[in-house]
1. Just to be sure, is Leu89 modelled with pLDDT of 95 or more, touching a Cys at 6+ places or on another chain (Cβ under 8 Å) and surrounded by 14 or more Cβ atoms within 10 Å (Cβ to Cβ)?
2. Only residues that are acidic (Asp, Glu) and buried (at least 16 other Cβ atoms within 10 Å of the Cβ): list them for region 35-67, please.
3. Would you say Lys78 is free of Cβ contacts under 8 Å to residues at least 60 places away in the same chain, more than 19 Å from Lys49 (Cα to Cα) and open to solvent by 40 Å² or more (accessible area, probe 1.4 Å)?
4. For region 149-167, give me each residue that is touching a Ser or Thr at 6+ places or on another chain (Cβ under 7 Å) and open to solvent by less than 30 Å² (accessible area, probe 1.4 Å).
5. Kindly indicate which of Lys94, Lys101 is in contact with an Asp or Glu (Cβ under 9 Å, 6 or more places away or on another chain) and of a type in the set (Lys, Arg).
6. Report yes if Gly131 is modelled with pLDDT under 95, out of contact with any strand residue (DSSP E or B) (no Cβ under 6 Å at 6 or more places or on another chain) and open to solvent by less than 40 Å² (accessible area, probe 1.4 Å), otherwise no.
Amino acid sequence: MLYQKSGYSFNILLIAMLSVSTGCHYSAGVKKDLRTGLSSSYKNMEPEKVFLVMNKEVLTHTDIPLGEKFMVVNENVKGLEEREGKISLGCSLKITDQKGKILLEAKDLFEGKDLFKPEDASMLKCTVTTGDPMKWEEQYDIQVVFWDKYGDGKIENKVTIRAIDVP
């Protein structure tokens, strides 16, 4: 009986040690910009703040004139794995209309240029350009995903914009 208790305690201790050693890098959650509805779910790499930018101004709305560009921004990102002084990132972009039709799908915008200095990747940005085949007064779902190619971290950004005529 004493041997079984001892073995049982050892297994619990081993599991606890594994949880502590691997758990210190684990984080998961959701950040939301209440002004625009931009939501960012994350796992093992966490942005401090998420927001949209157009014409060098932080947006408080999602009305984007056709032909304009805006950025999905994840600021002060933590948790990226580093190897030999570099980090490796991927970034995908998907734009769909309200019927679910995919207008644009880019699997990895950083492909072939995915190595960065850690200090250059604390702010992850993806520029989205509006235009044809988008139509005025229609809504579009934007999904931008950043992932750590050296680790298992990921940030998934989602927002719905309304394409408008140039004001």
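1. No: the conditions fail for Leu89.
2. Matches in region 35-67: Glu46 only.
3. On the way: free of Cβ contacts under 8 Å to residues at least 60 places away in the same chain: yes; more than 19 Å from Lys49 (Cα to Cα): no; open to solvent by 40 Å² or more (accessible area, probe 1.4 Å): yes.
No: the conditions fail for Lys78.
4. Passing the criteria: Ile155, Asn157, Val159, Ile161, Ala163.
5. Lys94
6. Yes; evaluated as a whole, the condition is true for this residue.
The values are calculated or read from the model by the stated rules, or taken from the named source; none is laboratory data. For clarity, every value in this text was computed on a predicted model and none was experimentally measured. Backbone-built Cβ (ideal geometry, glycine too); neighbour counts: all protein chains shown. For the accessible areas, the whole protein counts, side chains as well, though only heavy atoms, and no ligand, DNA or RNA atoms are used. Shrake-Rupley method; radii C 1.70, N 1.55, O 1.52, S 1.80 Å.
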